[in-house]
1. Going by the structure shown, is residue 121 within 30 Å of residue 46 (Cβ to Cβ) and either touching a helix residue (DSSP H, G or I) at 6+ places or on another chain (Cβ under 9 Å) or surrounded by 24 or more Cβ atoms within 10 Å (Cβ to Cβ) (or both)?
2. Quick one: count up the residues across the range 310-353 that are part of a helix (DSSP H, G or I) and farther than 14 Å from residue 97 by Cβ.
3. Kindly indicate which of 76, 113, 109 is in contact with a strand residue (DSSP E or B) (Cβ under 8 Å, 6 or more places away or on another chain) and not assigned by TED's automatic domain parsing to the domain that holds residue 245.
4. Say whether the condition of being at pLDDT 95 or above, part of a strand (DSSP E or B), within 30 Å of residue 83 (Cβ to Cβ) and touching a strand residue (DSSP E or B) at 6+ places or on another chain (Cβ under 8 Å) is met by at least one residue in the range 272-285.
5. Quick one: count up the residues across the range 230-240 that are part of a loop (DSSP other than H, G, I, E, B) and under 15 Å from residue 188 (Cα atoms).
6. Would you tally the residues in the range 66-99 being buried (at least 19 other Cβ atoms within 10 Å of the Cβ), assigned to a loop (DSSP other than H, G, I, E, B) and in contact with a helix residue (DSSP H, G or I) (Cβ under 6 Å, 6 or more places away or on another chain)?
7. Considering only the range 164-180, state which residues are in contact with a helix residue (DSSP H, G or I) (Cβ under 8 Å, 6 or more places away or on another chain) and surrounded by 15 or more Cβ atoms within 10 Å (Cβ to Cβ).
8. Out of 324, 343, 391, 355, I need the residue that is at pLDDT 95 or above and in contact with a strand residue (DSSP E or B) (Cβ under 9 Å, 6 or more places away or on another chain). Which one?
């Protein structure tokens, strides 16, 4: 990656307590105006951000290892994205593609056809959020196959709409008391190497899934398998090698649509453009969002032309889907990722961070597992000497790191995973500083 210039100094610097007085004052206003159901991971309020740094309203400069949950991969205020947005909004901010279409939408669809796995003919539809993308992928699969059943997996997260809550595995905070949920969703066991029985290969884990599908549903009733190539909210679970290819092959043989949910894993995050590529899996439909547009709300599904073209005109879309400003941002972000080879940068982040995390795990028996690919890495915390999840320790590590100026996110079905999702443009020195803090905090807390 070539040397980049930033508006803001790329450094960690604390000038007040955390949270500071202005963040605390804003939090009082928030509680009086914002619904309590909207949570935030950290108690500081952002005033500015650039590259891999977030500056709060009190002037503290934090190193950002969350990237807005894998969104700001090209940096928090990428100048190329900002310029593209400014130019587009000066012409028109909205016409609705379903009323007066525009070239930006078409260009994004062309880029997605080129970037997503496979050389087959493809079509795309643009939306606003990852949940919308997943929901529409299921709609397409059901219409195209004439079947109703959808297979999802333990530890999955696919969104907060009614259908995507049904696909999501975790109750709190995503599903509790929001039911009833959409029907014909069937949950299958995920390949989770750290918690699976010893010796369970990816192929055997896939056969376990297929056996249950045959017994509980029947292959000829299944419209789609929806699966994250690396599970995100569920704990950055990387399935055992062979799991994804075996399920994709079974789906192909049985006329089932294989949907790869790449909302979090897509756009260079794991060291390839899409995580499915690590095992040469070619999904029938790919769902995308998060890193696609440099921070603006945009999502997409890209898939086999015969599947997406099976839907009648007007059956897919939305008022804001493929908004022209978001499309301009996406085109600039994709150009930047390509020009600066951000897949290679993600691999560089892995090469720096993963050995240090593994060394920390060898030193500290509260770290049960270290896993991930590219700039999507995680540590799973457990009770020492076993595999019992330790969510309290996990929360303490994240809180102590914030006090030292590093933003970390937690995740996992059991709430016991620290995930590292830095912007892909983070410099080696800045990444090293963040890892220094993380190591010191884990040693102190654990």
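1. No: the conditions fail for residue 121.
2. 22
3. None of the other options fit; the residue is 76.
4. no
5. Step one: filter the range 230-240 for residues part of a loop (DSSP other than H, G, I, E, B), giving 230, 232-236, 238-240.
Retained after the next criterion (residues that are under 15 Å from residue 188 (Cα atoms)): 234, 239.
Qualifying residue count for the region: 2.
6. The qualifying residues number 4.
7. Within the range 164-180, 164, 167, 174, 175 qualify.
8. Details: 324 fails: in contact with a strand residue (DSSP E or B) (Cβ under 9 Å, 6 or more places away or on another chain); 343 fails: in contact with a strand residue (DSSP E or B) (Cβ under 9 Å, 6 or more places away or on another chain); 355 fails: in contact with a strand residue (DSSP E or B) (Cβ under 9 Å, 6 or more places away or on another chain).
Being at pLDDT 95 or above and in contact with a strand residue (DSSP E or B) (Cβ under 9 Å, 6 or more places away or on another chain) holds for just one of 324, 343, 391, 355, which is 391.
The values are calculated or read from the model by the stated rules, or taken from the named source; none is laboratory data. Only a predicted model underlies this, so the values are computations on that prediction, with no experimental measurement involved. Quick reminder, even Gly has a Cβ in these numbers, built from the backbone with ideal geometry, and neighbours come from all protein chains shown.
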